[in-house]
Amino acid sequence: MKALVLAAGEGTRLRPLTSNTPKPLLMIAGKPYLSHLFTALRSAGVDEITLLVGFKANRIKEYFGDGSKYDFKITYLEQKQRLGTAHAIGTASRSFDDDFICVNGDVLISPSDVAGLAETYRRSKGTVMGAVKVEDPGRFGVIEEKDGKMVHIIEKPRDPPSDLINAGAFVFTPQIFDFIAKTGKSPRGEYEITDTLNMLAQQEDVHLHKVEDYWMDVGRPWDLLKANEVLMSRIEGRIDGTVEPGATLKGEVIVEEGATVRSGSYIEGPVYISKGCDIGPNCYIRPATSLGVGVKIGASVEVKNSIIMAKTHVPHHNYVGDSVVGERCNFGAGTKVANLRFDNMPVKVTVSGEVIDTGLRKLGVIMGDDVKTGINSMVEPGTVIWENCQIGMGAVARGSIGPNSRVF
C-alpha cells in the first residue's frame, strides 16, 4: 500500500528549535521525528511513500534519500504555498490512482494504530479517518459520530460537541481529490480538510478508527519531551559502543556504535546515547534522556528527562533537567538549569509576547542552536533562548531571549 505524508510546514510553533532544522528532523528517542512515523507505516505494510515537503526541503531529502534504509521507496513532492491541509493533499492528486494512507507529519501515532487504520479500511473498503479522544478538543477538528461513522466535523469550535477529534491519519480513495477540487477557501484563507470531509460524508460513509494506543500532536517545544518519554519507554537496550569498566548502566540503555561511556558514569534507562557521544567520567544520566550524535556529557554533570541535540557539549559541573537543547550548544562550567518553581505551580513560557501555561510542574529551558553559556550562569524554569545567543558568566537567563542576544 502507498502512503502520503504531509511534512511541508515551517513548524513555527516549535521555534527556536525549527529556526534551522525542519520539524521532521528534530530528534526524539534518538531518531528524527519523522523516522518514528515511517517505522509505524512500514509495520502496517506500506512499501511506498510520497513525502510532501516545503520548508528546508533539501535537508529532508538529503537525510531520508530514496527510503532504502527504511525498506521502502520515497518520492518527493514540494508544496510551494501552504494553504491548508486540503490544499496539501490535493498537491498529490497526480501521484495516486489507488486507495492510500494519508498522515500528517506532525502527529505521533503508534504502529498498532496505523495497522488498525489499515484493517478498518480492509473491512469497510472505503474512506477511514483516525479519531482520538482528548481533554482539549477545541484546538482541533471535532467529530460528531454515529454508529462508528463521521456525521460532521467542526474545525476548532468554541463549544465542542464531543471530545473526539481528527487524529490526522486517514485512508482515502482517489475520489478525495474530486472533493478537494470543490472545496473553497475558509474564512481563514485556507482550504480546510474539514470542509472536504463534510462534503464527502454527505455522499458516502466515512468510517472511524478510534486510536487505542498512543497519539500526540506535537505543537509546542515542550510537547517533544512528552513524545520522547512515550517512545523511550518502549526502547530495548543494546550496547554497540564502548562502555568502560566502572560505568553503571541500569534499565534499557542504547549505546550506539562509536559512542563511549567512561568509568564512573551512572546511567538509568531508558536512555538513548547516539554515535559519537562522549559520556563521563563520573556523571549521572537519568531516565527519558535522549542524546544526539556527538554530544558530550562530562564530569559532575546530571541530565534528566531531556533531549540534547547533535554536537552539544555539557562538559562539567552542570545540571540540565526537563529541557530541550538544540545543536552545537556549549554549557560553561557550573551552568545550571532550574526546572521547578518555588510555589510548585505549572511553569509558564513566553512565546511571541504571550505568556502560555504549559501545565507542566517541571520544565527547564528550550534552547535553540549555537547557544553558549558562561561559567556559573543560571537559567530560570521555562526560559526560551533563541539561536546564537550568549549568556555571560554568572548571568541569569529568564523569559524569552531573542536570536543573537547577549546577556551579561
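Tabulated results
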{"read-out": "Pairs where the first residue, in the range 272-289, is closer than 14 Å to Ala259 by Cβ and the second is basic (Lys, Arg) and assigned to a loop (DSSP other than H, G, I, E, B), C-beta under 6 Å, 6+ apart", "value": "Gly280/Arg262"}
{"read-out": "Which numbered condition Val142 fails, given (1) within 21 Å of Leu34 (Cα to Cα); (2) out of contact with any Leu (no Cβ under 6 Å at 6 or more places or on another chain)", "value": "(1)"}
{"read-out": "Residue identified as in contact with a Lys or Arg (Cβ under 8 Å, 6 or more places away or on another chain) and either buried (at least 17 other Cβ atoms within 10 Å of the Cβ) or closer than 15 Å to Pro16 by Cβ (or both) among Gly374, Gly321", "value": "Gly321"}
{"read-out": "Options Asp223, Asp217; residue that is in contact with a helix residue (DSSP H, G or I) (Cβ under 9 Å, 6 or more places away or on another chain), without any contact (Cβ under 8 Å) to a residue 40 or more places away in the chain, surrounded by 16 or more Cβ atoms within 10 Å (Cβ to Cβ) and under 28 Å from Ile101 (Cβ atoms)", "value": "Asp223"}
{"read-out": "Of all residues making up the range 163-196, the number that are surrounded by 14 or more Cβ atoms within 10 Å (Cβ to Cβ), of a type outside the set (Asp, Glu) and not in a helix (DSSP H, G or I)", "value": "15"}
{"read-out": "Filtered residue count, the range 254-269, keeping only those that are surrounded by fewer than 23 Cβ atoms within 10 Å (Cβ to Cβ), closer than 18 Å to Glu302 by Cα and of a type outside the set (D, E, K, R)", "value": "5"}
{"read-out": "Qualifying residue in the range 135-145 (condition: in a helix (DSSP H, G or I), within 30 Å of Glu229 (Cα to Cα), touching a Phe, Trp or Tyr at 6+ places or on another chain (Cβ under 9 Å) and not aromatic (Phe, Trp, Tyr))", "value": "no"}
{"read-out": "Residue pairs meeting the criteria (Cβ under 6 Å; at least 6 apart or on separate chains; first closer than 23 Å to Arg234 by Cα, in the range 245-267; second aromatic (Phe, Trp, Tyr))", "value": "Thr248/Tyr266; Ile254/Tyr272; Tyr266/Tyr284"}
{"read-out": "So Ile235, is it surrounded by fewer than 22 Cβ atoms within 10 Å (Cβ to Cβ), in contact with a Pro (Cβ under 9 Å, 6 or more places away or on another chain) and of a type in the set (Val, Ile, Thr)", "value": "yes"}
{"read-out": "Subset of the range 38-55 [surrounded by 18 or more Cβ atoms within 10 Å (Cβ to Cβ) and either small (Gly, Ala, Ser) or at positive phi (or both)]", "value": "Ala40, Ala44, Gly54"}
{"read-out": "The listed residue being touching a residue at least 12 places away in the same chain (Cβ under 8 Å), within 17 Å of Gly168 (Cα to Cα), in the same structural domain as Val211 (by TED's automatic domain parsing) and out of contact with any Pro (no Cβ under 7 Å at 6 or more places or on another chain), out of Arg13, Arg42, Arg82", "value": "Arg82"}
{"read-out": "Residue match in the range 24-32 (condition: outside any loop (DSSP other than H, G, I, E, B) and of a type in the set (Lys, Arg))", "value": "yes"}
{"read-out": "Test: residue in the range 281-291 that is modelled with pLDDT of 95 or more, of a type in the set (D, E, K, R) and within 23 Å of the chain's Cα centre (by Cα)", "value": "yes"}
{"read-out": "Failed condition for Ile297, given (1) free of Cβ contacts under 8 Å to residues at least 40 places away in the same chain; (2) surrounded by fewer than 23 Cβ atoms within 10 Å (Cβ to Cβ)", "value": "(2)"}
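The values are calculated or read from the model by the stated rules, or taken from the named source; none is laboratory data. Treat the numbers as computed from the prediction; the structure is a model and nothing was measured. Heads up, the Cβs are rebuilt from the backbone with ideal geometry, glycines too, and the neighbour counts pull from every protein chain shown.
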